[in-house]
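Have a look at the structure below, then the notes.
The values are calculated or read from the model by the stated rules, or taken from the named source; none is laboratory data. Bear in mind the structure is a predicted one, so any value in this text is a computation, not a measurement. Methodologically, a virtual Cβ is constructed for each residue, glycine included, from the backbone with ideal geometry; neighbour enumeration extends over all protein chains shown.
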Amino acid sequence: MKLFNTAAGILSAKLARRPFYARFHVTHRCNYHCRMCDFHKLGNKDAELSVPQVRDVAGRLAELGARHVVITGGEPFMRLDLPEVIAAFYERGFSVRVQTNGGQQVTRARLDACVRAGLEDLSVSIDTLDRSLQDGICGTSGVVDNALRTLRLARELLPRSMSLANVVASAYNFEELPSLVEYFHEMGIYTYITPVMISAGQNRGRSSEEFRFRSDDAAFLLEDMAPEIRDRVIDQLIDLRRRGRGLTNSTRFLRDFRRYLASGQCAWRCDSENLCLEVHPDGCVSFCKEKAPTASILAPGFIGFYQGWEFQRQGAALAEICTGCFYGEYREPYYAVHDLTVLREWVHDWFRIFRRGLRFSRRAAPAPAGQGGCEHVSAES
C-alpha cells in the first residue's frame, strides 16, 4: 500500500494540486525539553482532538487526496489513545508513520498495539551517541539508551518498515554524522538527517516571533565551518547514500545542504501549501509548522476553502516573505514532485533497498560513546 500511496501522492500533487501528505501534531505535550525546539511551549495542552474528531480529520484529509500521514507532536506517545488515532487513518487507507523521541513511554506493549492498529513506519529522534551530550540537548536523562531500545523494538516489531533514526545536524554533531549513519545501518535502521533551524544566526534582524517551532539557541548554529570539514562530511554522506547504507536523504538535499553551509542562505520557492498540510492538536491547519494556523480542518467550509484561491493566495503570500528553512519534510516532497532526478533516485532505491528492508550485518553495532555497550538495554521494556 505504501508504494501505491507514494506513487499516487506524487502524481496527484503534480497534476491535481492535492496534498502529498499531512503532518498531524496530536499533542503539544512532551516529556523532553529539547533546546532547539520551542513547539512544546505552544498551545493549550488540553486542546486535543478526541478520537471521533480524529476520524473526522482523517476523512477530510482523505477527501482532499492525502495518502500519507506523519503523526507527530509534541510527543505522540503522551496520548494513551495513540493506537486509536493510528487506526483512524489506517482504516481510511493512509500510510502511517509516527515520530517519537523514543523515551520510556514507548514500551513494547504500547508499540505493539500501534503496529496492530496500522503503524507502518517509526521515526525516533537521536542526534548523537554521546549520552551526556544528548541528555544536555534534550533536557532529561537516559535519552540515548531509550532511543536505541525503541529502535531495536521497531526493528523487531516492524521488520520491513522504514524505521529510522531522525538526526538533527548541528554544531554539536556535524562531524559525527557519517559514523552515525554507519552505526544505525549495522542495527538495520535507516537514518534521516535534518539540518538544525535556529531563529538566531542566519536570520539576524528577523523577529523570533516569525518562527513557531525553532528556538533561538545559537550554540547549535552551523556557522563559520572550515570548508574542508564541510566538504569532507557531505562527501562522506553522499557516498554512504550511494552505497545503500540506509541514508534516506536525497542526493539533491545533501548537495543543497552543502550550499546552505557555504552561503548561509536557505530561501527557496517553498510549495508547502500544495504538498503538505500541518494539522495542529486542536484541528487548526497551517501552511507549515513555523506559521500560525489559518483555519480549522473541521470547519464546515474547509474543503472549499482549501480548494479555492484564497488558500492559495495566503500560502503564496507567506512563502514570498519567508526567510526559508531546511526542513526535510517540506523540501524532500518538493524535490520528488518537481525534480525528475530525485524521483528516479527514490524509485531506484525503493527496488534496491527500501521494499525489503535494510540488509544489515548480523554482528552487533559498536557501543555508543560514553558508557560501554548497550547490551544491558532490554528490548522487553
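Among the numbered criteria (1) free of Cβ contacts under 8 Å to residues at least 60 places away in the same chain; (2) surrounded by fewer than 19 Cβ atoms within 10 Å (Cβ to Cβ), which one does Phe311 miss? Of (1) free of Cβ contacts under 8 Å to residues at least 60 places away in the same chain; (2) surrounded by fewer than 19 Cβ atoms within 10 Å (Cβ to Cβ), only one is false for Phe311: (2). Scanning the stretch 261-280 for residues that are more than 20 Å from the chain's Cα centre (by Cα) and surrounded by 16 or more Cβ atoms within 10 Å (Cβ to Cβ) returns a single hit, Leu261.
Would you say Arg214 is in contact with a helix residue (DSSP H, G or I) (Cβ under 6 Å, 6 or more places away or on another chain) and closer than 30 Å to Ile189 by Cα? Considered against the rule, which asks whether it is in contact with a helix residue (DSSP H, G or I) (Cβ under 6 Å, 6 or more places away or on another chain) and closer than 30 Å to Ile189 by Cα, Arg214 comes out as no. If I filter the stretch 248-263 for residues that are of a type in the set (Gly, Ala, Ser), touching a Cys at 6+ places or on another chain (Cβ under 6 Å) and within 29 Å of Ala154 (Cβ to Cβ), do I get at least one hit? No; the residues of the stretch 248-263 include none that is of a type in the set (Gly, Ala, Ser), touching a Cys at 6+ places or on another chain (Cβ under 6 Å) and within 29 Å of Ala154 (Cβ to Cβ). Could you please let me know if Gly283 is surrounded by fewer than 19 Cβ atoms within 10 Å (Cβ to Cβ) and either in contact with a Phe, Trp or Tyr (Cβ under 9 Å, 6 or more places away or on another chain) or not charged (D, E, K, R) (or both)? In short, no.
Per-residue answers, yes or no, for (1) of a type in the set (A, V, I, L, M); (2) crowded, with 20+ Cβ neighbours inside 10 Å; (3) touching a Cys at 6+ places or on another chain (Cβ under 6 Å); (4) outside any helix (DSSP H, G or I):
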residue: Ala317; (1), (2), (3), (4): yes, no, no, no
residue: Thr323; (1), (2), (3), (4): no, no, no, yes
residue: Phe326; (1), (2), (3), (4): no, no, yes, yes
residue: Glu329; (1), (2), (3), (4): no, yes, no, no
residue: Ala336; (1), (2), (3), (4): yes, yes, no, no
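Pairing residues of the stretch 323-348 that are free of Cβ contacts under 8 Å to residues at least 60 places away in the same chain with residues that are buried (at least 17 other Cβ atoms within 10 Å of the Cβ) and part of a loop (DSSP other than H, G, I, E, B), at Cβ distances under 8 Å and at least 6 apart in sequence or on separate chains, gives Gly324/Cys266; Gly324/Cys270. Name the single residue that is modelled with the highest pLDDT among those in the stretch 351-364 being assigned to a helix (DSSP H, G or I) and farther than 17 Å from Leu158 by Cα. Ranking the candidates gives Phe351 first.
The residue that is surrounded by the most Cβ atoms within 10 Å (Cβ to Cβ), counting only those in the stretch 141-196 that are among the β-branched types (Val, Ile, Thr) and assigned to a helix (DSSP H, G or I), is Thr150.
Applying the condition of being surrounded by 17 or more Cβ atoms within 10 Å (Cβ to Cβ) and not aromatic (Phe, Trp, Tyr) to the stretch 211-229 and asking which residue is farthest from Phe326 (Cα to Cα) yields Asp217. Scanning the stretch 74-111 for residues that are closer than 21 Å to His280 by Cβ and of a type in the set (Asp, Glu), we see that the one that is surrounded by the most Cβ atoms within 10 Å (Cβ to Cβ) is Glu75.
In the stretch 244-290, the residue that is nearest to Asn166 (Cα to Cα) out of those that are charged (D, E, K, R) and touching a helix residue (DSSP H, G or I) at 6+ places or on another chain (Cβ under 6 Å) is Arg245.
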